[in-house]
Every structure is written in structure tokens, then in C-alpha cells.
1. Would any residue of region 371-397 have its amide N under 20 Å from a label point 7 Å out along Cα→Cβ of residue 12? List them or say none.
2. If you average the sequence gap of Cα pairs under 8 Å that are 6 or more apart and divide by the length of region 11-159, what percent do you get for the contact order?
3. Report, to two decimal places, the Cα Rg of region 180-337 normalised by 2.2 N^0.38 Å (N = number of residues).
4. Taking the chain as the reference, fit the longest principal axis to its C-alpha atoms, fit the long axis of helix 155-168 to the helix C-alpha atoms, and give the angle between the two in degrees, 0 to 90, nearest 10.
5. Divide by every residue of the chain the summed helix terms, -39500 (n - 2.57) for each DSSP H run of at least 4, and state the resulting mean residue ellipticity at 222 nm, rounded to the nearest 500 deg cm²/dmol.
6. What accessible area per residue, rounded to a whole number of Å², is obtained for region 145-196 using a probe radius of 1.4 Å?
7. Highest first, please rank the peptides 254-260, 352-358, 283-289 by the mean number of other Cβ atoms sitting within 10 Å of their residues.
8. Quick one: of the DSSP bridges fully inside region 314-450, what percent are antiparallel, nearest 5?
Amino acid sequence: LHHLLMVPFVWSDWLWRSGLAGSLVSMAAFVGSVLYQYRLVLLLSRNRGVAWLGAAFLGLNAGVLYMQTTPMSELPLIFALLGSIYHMSAWLRSHSTTQLMLASLLVAAGTLVRYDAWALVVAELAVIAIVARASRWRFSQFEGTSILYLTLGVVGIAGWLAWCTAIFSDPLYFMNSPFSAKAQQEEFAARGELPARHDLGTALLYFGDTAWRNAGTIVTVLSVLGLVTWTVRTVHARRMVEDLLPVLLLLVPAAFNVVSLFAGISILFVPDLTPSSFSGQLFNARYGLMAVPAMAALSALLVAAVLHRLDRRHAVLAAGAALCVFVATMFSSTPIALQDGREGMSARRPLAVNAYVAEHYDHGMLVADDFSRSTKPTALDVPMNRIIYVGDQAEYRRAVDQPSSIVRWIVVQKNESDAYWRAVKDNPDFRDNFEQVYASGDSAVFRLED
């Protein structure tokens, strides 16, 4: 879905090469996320001032502000999750079919952005079961409501499984392929650099640390106190279904990330915790942003619990002071997601080979293994429809079997990490028809001989 939303903008080469084609989507999702955060906190607190504070804790988060300028998927996912949780919370109060279907539609959108939303489908189905039990529904009523929710809720998951089956003959290709997160993590595991794998305590520690670094100390402290206070308050008021379940749904993305770290299909390096012997000390720090909406909401709800004990003047002063301290601390240092992009393992440092191709490319098809990062497509100044990669199955297979029949330029990393190099290096057609015109380290460029 994230890619489809970019389609209207990537027709412009400038928007695509600059990244703005994707940033426009993230920016729109940022606005929608803050609006849904406001509506959700308002629904729970029934206080507009508290709702504004919850929206501010999210919208003024430095990491969130940075990520909404990038073509990454965090903001579209946060928008889908917050929207679905808001409408599910509204359904808990009204049992409106419209609210249930909107929750289902938005979570389906989220499942087509990232896998975090798959966990929310299961959690929201569990919420329906809890409501059915608490309200003593007949089984047929629970069955009908669940089917109604799942009709839209699982369409994204079903579509993705069908896509993998149709294209790769394996519905679980996304989990089992050599390009999957699981396969990538096996390389780290072989080096002993997957500390959270099968260690729940370490998984909690690593994700908790990156959540704190992304949310900031003020919001972290307030959110922990807010979770305890809100839980006690809702249990005492016997409003667990209407007021506690939405908060628990907000925590699902964080729980999903912890489980992923524990299962070894996700990896996270954070400063001070990651051993210095590892290949990096900062990696995937942006994952902690998935906890920020919940932490922002809980911080605001703590303020709601405190405000009703204060007169209006003191309440406004307390909320204003909390917000000012939050902003001051939030912008006193570089967001950790930006640090990772500049200095950590997520930083994509340009290779000199990109400049060579951009200067010397004249015409014809170019093939590269984009997974090995042998080159950066946006930096080549080569039209996208002249670049062949592994996703272009028929053309890629032809470029492997008989490259001279389709390819003029070849960009590789001459090592085992480059799938195209492994496939073609001993091919007689490649050896007889291509000459090496550039080399720098492992990077090499071959051109079809005239």
C-alpha cells in the first residue's frame, strides 16, 4: 500500500530521485496520525485540553518529525494503527457497525504497510471476544460480528499470501526467502550478534531502551505512571472494556516488536547496551517510534488523572510546564532515528561507482543486485525502466543466462554477497562479451563490448 500511495508522485523523476515522492505520503500520514491521536485521547479523557496535550506529545516528538520527512513506512503504519484503534474504541462505546468497519478497513491498510499491523488484527479480534463475553452475547452474535470485522480486516493478509503464492509459489515466501528479515538475521546470529534471540529479558531491555530514546525521558516517566494510574482508575470505575482495552491496543505494536526480537526475526542495536565487539552499536533505532503513540497518550491520560484534582488555573500551568519541559528536552539532542541514518548501520554511504555510472552511462539496459547494495539506483541518473533487478523475473533470468542478449551495463560487488555476481561470473557469455571498465575495491562495472 505504501508503494501504491507513492505512484502518483514517482512519475516525476525529480520527486523520485530526491525522495520527496515518498516523503509527501509520510507527511500526509503524519497529519492524519496527530488528528487521530487527538480524537482518541479526547474519547478516553473527555477533556479537550488533555487531547491537545496527547496530540502535542506525538506531533512534537523530534523522531516522529524527522521520520515524516522521509519515504519510510513508519508514519503510514502509525496512521493506520491509530485510526483503527480510535474506531475500535468508538465501537466499544456504541457498537456501531460503521465504526467496526472503519476499524477493520484501517487495520487492513496497515497490514499492507508492515507486519506490525498483523498483530493488531489478532488483538482487535480478541477485543471483540472480550466484549462478547462481558456482554453475554449469543455465539451467533459473536460469530457474525467477528466475520464482519474479518471480512475487511484480513483482506490485506490474504492478498499478500496470494501474491507470494502466485509469484513465488510459496505463500510464506516473505518469511522464508533469502531477502527476508529472518534470513538477514541468521547472518548476525552466525556471528553471535543477536543477543535478544530466545531471551525475553534482553528483548524487553533493548526495545524498552530504544522506546525511551525515541519518546524522551519526560514522556517515558509520565507514560509508565500513566499506565499504572489509568489501569487502577478504570478497574476501580469498572470501565475496563471502554477505557482500558483501547490503551492495551495501543501497546500491541510495542509487544509485536518485543516478540520479533525474541523470535530472532528482528534486530536492534542501541548504544550502551550493544557490546563493542559487534559490527555496529546503532541499528534500527527507529523501531522504538512504534511505542511513541501509546506513550504520548498515556502521558496525557496521567495529566487527565491529575487535572481533576486541581483548579483550572493550576491545571493549565501544570500541563503547560510539562509540555515546555518535553519540547526543551526533545530538541536538545539529535533524534536517535536520525543518528542511525547518519552514523549507524542504517546509514547508506554512497559508493564511488554511482558517480562513475552517472557520468558514463549512454544507453542500454543495466543490471544490478540491489539487495547487495552494489549501487544506489537513485544516484545513477539511469531511467528506472532501463534498470533490471531480481524482481524483474523474466528479464533478470535472461540477464543471468545470456546477458549479452539484453544487458549493456553490469554493476556488481565482486564477492559472495552479490547474487548476480555469483550467478554470472563463470558464465561464458559474460566472460566473452563484457569488459571491465571500472573497479574500486569490490565494486566493478562491466560494459558490453562493441
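1. 378-385, by backbone N distance to the label point.
2. Working: 171 pairs, mean separation 31.5, N = 149.
Dividing the mean separation by the residue count of region 11-159 yields 21 percent.
3. On the way: Rg = 18.1 Å, N = 158, 2.2 N^0.38 = 15.1 Å.
Taking the Cα Rg and dividing by 2.2 N^0.38 Å, one obtains 1.20.
4. Taking the Cα atoms of the chain, the angle to 155-168 is about 20 degrees.
5. Numbers: 23 runs with 284 residues, N = 450.
After summing the helix terms and dividing by the residues of the chain, the value is -19500 deg cm²/dmol.
6. Numbers: 2860 Å² over 52 residues.
Per residue, region 145-196 has 55 Å² of solvent-accessible surface.
7. Numbers: 254-260: 20.4, 352-358: 17.1, 283-289: 24.1.
Those peptides, ordered most packed to least, come out 283-289, 254-260, 352-358.
8. Values: 11 of 16 bridges.
Antiparallel: roughly 70 percent of the beta bridges in region 314-450.
The values are calculated or read from the model by the stated rules, or taken from the named source; none is laboratory data. In this text, all values refer to a predicted model and were calculated from it rather than measured experimentally. Note that each Cβ is placed from the backbone with ideal geometry, even for glycine, and that neighbours are counted across all protein chains shown. Remember, those area values only see protein heavy atoms, side chains included, never the ligands or the DNA or RNA. Shrake-Rupley method; radii C 1.70, N 1.55, O 1.52, S 1.80 Å.
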